[in-house]
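These notes are about the structure you will find just below.
The values are calculated or read from the model by the stated rules, or taken from the named source; none is laboratory data. Treat the numbers as computed from the prediction; the structure is a model and nothing was measured. FYI the Cβ positions are ideal-geometry reconstructions off the backbone, even for glycines, and counts take in every protein chain you see. Surface accessibility is based on the protein's heavy atoms, side chains included, excluding ligands, DNA and RNA. Shrake-Rupley method; radii C 1.70, N 1.55, O 1.52, S 1.80 Å.
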Amino acid sequence: FQRVQSKNIEVKTFEVKDSTGKPKGWGYDLYVDNKKMIHQLIIPAIAGNNSFKTEEDAYKTGQLAADKMKVSGTLPTLSVKELDSLGITK
């Protein structure tokens, strides 16, 4: 359990590729004070190893995680209900 004191949290998206280099979706990183804290390759809270379908979906989810981190001061957890509210599905 790690405290996050900073409010300087940035979301950066990236393309996820399979072992052959073929694009298979999107993910996001969360940076706190320019230090990578979270590297999210798959959609959290949903069964399976699915990457986000669009860069926008990855960014929206990363922003929600960043907002939760700013409020709680801890590494965030996301629920299926929260993802549904963003329109994120398998």
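With the condition kept exactly as written, say whether any residue in the stretch 1-20 is modelled with pLDDT of 90 or more and part of a helix (DSSP H, G or I). No, the conditions are met nowhere in the stretch 1-20.
Among residues of the stretch 52-71 that are touching a residue at least 12 places away in the same chain (Cβ under 8 Å), those with a beta-carbon under 6 Å from a residue that is in a helix (DSSP H, G or I) at least six positions away or on a different chain give the pairs F52/A58. Note on the stretch 43-84: residues that are under 23 Å from D18 (Cβ atoms), open to solvent by 50 Å² or more (accessible area, probe 1.4 Å) and assigned to a loop (DSSP other than H, G, I, E, B) amount to 6.
I'm trying to understand the selection: among the residues of the stretch 8-23, which are of a type in the set (K, R) and within 17 Å of K36 (Cβ to Cβ)?
Residues of the stretch 8-23 of a type in the set (K, R): 12, 17, 22.
Scanning the stretch 8-23 gives a single hit, K12.
The residue that is least open to solvent (accessible area, probe 1.4 Å), counting only those in the stretch 28-42 that are under 13 Å from the mean Cα position of the chain (by Cα) and of a type in the set (A, V, I, L, M), is L30.
Give the residue, chosen from K24, K7, that is out of contact with any Ser or Thr (no Cβ under 9 Å at 6 or more places or on another chain) and open to solvent by 80 Å² or more (accessible area, probe 1.4 Å). Explain how you work it out, then say what you get.
Numbers: K24 fails: out of contact with any Ser or Thr (no Cβ under 9 Å at 6 or more places or on another chain).
The conditions single out K7.
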